[in-house]
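Participant: Handing you a structure now.
The values are calculated or read from the model by the stated rules, or taken from the named source; none is laboratory data. Small disclaimer: the values here were computed from a predicted structure and weren't measured. Neighbour counts run over all protein chains shown; Cβ positions are idealised from the backbone, glycine included. Protein only, heavy atoms only, side chains kept; ligands, DNA and RNA dropped before computing areas. Shrake-Rupley method; radii C 1.70, N 1.55, O 1.52, S 1.80 Å.
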Amino acid sequence: MLIREATADDWPRIWPFWHRIVAAGETYAWDPGTSEEEARVLWMNPAKRVYVVEDDSGTVVASAYLTPNYGGPAARIANAGFMVDPDQGGRGHGRALAEHLLTEARSAGYRGMVFNAVVETNPAVKLWTSLGFTILGTVPGAFDHPRHGRVGLHIMYRAL
């Protein structure tokens, strides 16, 4: 697999799985009806460093972004978003991408990384905790899950 910085030309290869994941309404606190143009602006925003994972055939199977979570004196705390094509799950792409972004964040001078809204039923919670993230707190019942009803949103953190 190859992990590299994304280019604008990668968006058409990210959009199909981005749309599928967000439209499912199970893991992201973004509107499931987000249009492609709105999604592109959210994900490919110039303020973010965006990465993709290509499998051995050159297919983009995952993407992530790295950005400051706060501004000013707190700008050394990173935020990131991750998406792995649901058809490619369980192959290590998410873990490899997460480890890559943690290294990139550290190299960029970030002191920590925070996730503001991790749906507590998201299988990625297991990945994040295995990578050293802790749950700082949970906003109970904050997320209307299509299968589980109201579930909490975790705030997760890891020092770098």
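Participant: Restricting segment 1-33 to residues that are aromatic (F, W, Y) and at pLDDT below 95, which is least open to solvent (accessible area, probe 1.4 Å)?
Facilitator: Checking each candidate, the answer is Y28.
Residue-wise test of (1) assigned to a strand (DSSP E or B); (2) within 13 Å of the chain's Cα centre (by Cα).
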position	(1), (2)
S57	no, no
S63	yes, yes
L66	yes, yes
Y70	no, no
M83	yes, yes
L97	no, yes
E104	no, no
A117	yes, yes
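Participant: Taking interchain pairs and intrachain pairs at least six residues apart, which have beta carbon atoms under 8 angstrom, with the first residue in segment 1-22 and under 12 Å from V60 (Cα atoms) and of a type in the set (A, V, I, L, M) and the second open to solvent by 40 Å² or more (accessible area, probe 1.4 Å) and part of a helix (DSSP H, G or I)?
Facilitator: These pairs meet every condition: I3/H100.
Participant: Test V139 against the stated conditions and say whether it is assigned to a strand (DSSP E or B) and open to solvent by 40 Å² or more (accessible area, probe 1.4 Å).
Facilitator: yes
Participant: Just to be sure I understand, how many residues within segment 85-95 are open to solvent by less than 60 Å² (accessible area, probe 1.4 Å), within 30 Å of R111 (Cβ to Cβ) and either of a type in the set (S, T, Y) or not in a loop (DSSP other than H, G, I, E, B) (or both)?
Facilitator: Looking only at that region, the number is 2.
Here's the yes/no breakdown for (1) out of contact with any Ser or Thr (no Cβ under 7 Å at 6 or more places or on another chain); (2) open to solvent by less than 40 Å² (accessible area, probe 1.4 Å); (3) touching a residue at least 24 places away in the same chain (Cβ under 8 Å):
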{"residue": "S35", "(1), (2), (3)": "yes, no, no"}
{"residue": "P73", "(1), (2), (3)": "yes, no, no"}
{"residue": "I77", "(1), (2), (3)": "yes, yes, yes"}
{"residue": "E104", "(1), (2), (3)": "yes, no, yes"}
{"residue": "R111", "(1), (2), (3)": "yes, no, yes"}
{"residue": "I135", "(1), (2), (3)": "yes, no, no"}
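Participant: On to the next question. Considering each residue of segment 23-33, count those that are within 14 Å of the chain's Cα centre (by Cα) and either without any contact (Cβ under 8 Å) to a residue 40 or more places away in the chain or at positive phi (or both), and give that number.
Facilitator: So the count comes out to 1.
Participant: Go through (1) open to solvent by 50 Å² or more (accessible area, probe 1.4 Å); (2) closer than 18 Å to V22 by Cα; (3) touching a helix residue (DSSP H, G or I) at 6+ places or on another chain (Cβ under 9 Å) one by one and return the number of the condition D144 breaks.
Facilitator: Here D144 clears every test but (3).
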